[in-house]
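Beneath this line is the structure, given in structure tokens, with notes to follow.
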Amino acid sequence: MSLMLLGILNSQAAGGGGGAYDLLETTTLTNTANRVTFSGLGSLADYQHLQIRFVARGNDTNLYLSFNADNDNSNYRGHTLNGDGTSVYSQTSTLGIQTSQVISTEANIFTAGVMDILDFSSSKTGTVRTLTGVAGSSTKRISLTLGIRDSTASPITSIRIDMAFGGSGLWQVGTRFSLYGIKGA
Amino acid sequence: MATPTYDLLASTTLATSASSVTFSSIDQNYGDLILVTESKGSVGSGAIPTRFRLNADSGDNYSYVLMNGDGSSANSQAITGNSFGIMSGYGTPTETQAGLTILQIMDYSATDKHKAALTRANTSYVEAIAQRWADTSAVNSISVFCFTSGDNFAAGSTFNLYGVAK
């Protein structure tokens, strides 16, 4: 597993052993960054599913997820159920797996999220479900998302988490992404 | 060996009815806290709105945004400046309807951010809730309580607190 960032605090634990739910890697930003990448996932033979838990703040409100250095967002799609404090509505995305308009841009206020990446090591299309939300002063949103990668069917070996489309934004200091492995039979 | 990741920190099963449950002196060596509760109201309580406070803070420092559905309609609500967090929104446990709640408090031991939480609650509603405690202090105690004076959680209600390493 490797880390593709500068200015980070990083803790890693060797895979294998332990329980059925293991911490694999954590990235906490000490400098702003366009993206966080978890790589080397092909070596995680002990695990069937992955989970990413995060607290995040950016200079844009959208998070984009991509796999295996395939950064063509047209190869991903998803749909979301959102609540914004006034109404509940659904959105469809044909441009990336994204959690839209839910990342905090406010000082001290961080968005919380849990992303499950199911059967990541199989030759399936890659299914992601997320629960993300923030009760900010200006940004108020709770979202459930389902996303898939439908262009290729290959094991997921790396995960890239972009701040805004194409990583054009900046994750802010204090943002933290932790990767966990969940064992199967 | 991998790092111990998802550990039970404390567990309470009520032997007799009680109006609140408090976990204190919480281990600060984890990244996130997950509180899983399954509760009913004691006989005569009726519906029991259930709330929580962090570090016994009763100031107006809690905010939330929720969405839910009850089988016929979907709703969203946002509240700022409450004196408590919520274990569920529109739905509440009753004598016969258990309230099942998973409350996740992220980066609870950090001191550089307000505390963000995600909740999934199932009562007569299915709900998802984002919450914020507008305080940068590390969380060292959680108190879950019946909002209405005289209400009680029924005996047998369970409250389990887990720590997730980061």
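FYI, it's all coordinate maths here, none of it is from the lab. In this text the structure is predicted, and so the values were computed from the model without any measurement. Note that we place each Cβ from the backbone using ideal geometry, even for glycine, and neighbour counts take in every protein chain shown.
Computed about the Cα centre, the dipole magnitude for region B:6-164 is approximately 140 debye when only Lys and Arg (+1) and Asp and Glu (-1) carry charge, each at its Cβ.
Placing a label point 7 Å from the Cα of B:Ser20 along the Cα-to-Cβ line, the residues of region B:142-166 whose backbone N sits under 15 Å from it are B:142-153.
Legend: ranking of residues B:Asp27, A:Asp162 from fewest to most surrounding C-beta atoms inside 10 Å; resulting order B:Asp27, A:Asp162.
Per-residue Karplus couplings for region A:28-45, computed as 6.51 cos²θ - 1.76 cosθ + 1.60 with θ equal to phi - 60°, are listed in order as 10, 7, 10, 9, 5, 8, 6, 7, 10, 10, 10, 10, x, 6, x, 8, 8, 5 Hz, Gly and Pro entered as x.
On the beta carbon distance between B:Ser72 and B:Ser137, with R0 = 30 Å, the FRET formula returns roughly 0.15.
Take the Cα radius of gyration of region A:140-185 and divide it by 2.2 N^0.38 Å, N being the number of residues; the result is 1.52. By the Kirkwood approach, averaging reciprocal distances over each pair of separate Cα atoms, region B:6-164 gets a hydrodynamic radius of 15.5 Å.
Report the normalised scattering of the protein assembly as shown as log10 I(q)/I(0) at q = 0.09, 0.13, 0.14 Å⁻¹, calculated by the Debye formula with identical scatterers on the alpha carbons. Each listed q corresponds, in turn, to -0.47, -0.99, -1.14. Rounded to the nearest Hz, the phi-derived 3J(HN,Hα) couplings of region B:92-103 under the Karplus curve 6.51 cos²θ - 1.76 cosθ + 1.60 (θ = phi - 60°) are 9, x, 10, 4, 10, 9, 5, x, 10, 9, 10, 10, where x marks glycine and proline. Cβ crowding within 10 Å ranks B:Thr101, B:Thr111 as B:Thr111, B:Thr101, fewest other Cβ atoms first.
Once divided by 2.2 N^0.38 Å, the Cα radius of gyration of region A:75-127 becomes 1.40. Comparing B:Ile79, B:Ile129, B:Ile105 in a Gaussian network model of chain B, where Cα atoms under 10 Å apart are tied by springs, the biggest mean-square fluctuation is seen for B:Ile79.
The H on the amide N of B:Ala10, modeled in the peptide plane, is under 5 Å from the matching H of B:Leu161, each at least 5 residues off or on a different chain.
For A:Lys124, the amide hydrogen comes within under 5 Å of the amide hydrogens of A:Ser154, counting only partners 5 or more places away or on other chains and with H modelled in the peptide plane.
Residues in region A:155-163 carry Karplus couplings, in order, of x, 7, 10, 8, 10, 10, 10, 8, 8 Hz; the curve used is 6.51 cos²θ - 1.76 cosθ + 1.60 with θ = phi - 60°, and Gly or Pro positions show x.
Under 26 Å of direct C-alpha separation, and excluding same-chain neighbours fewer than eight residues apart, A:Lys183 reaches these lysines: A:Lys124, B:Lys166. A cut-off of 5 Å between modelled amide H atoms, ignoring neighbours fewer than 5 places along the same chain, links B:Asp107 with B:Asp32, B:Leu33. For region B:2-66 and region B:86-116, what is the separation of their Cα centres, given in Å? Spelled out, the Cα-based centre of one part sits 7 Å from the other. With a 10 Å cut-off around each Cβ of B:62-72, the average count of Cβ atoms from other chains is 5.
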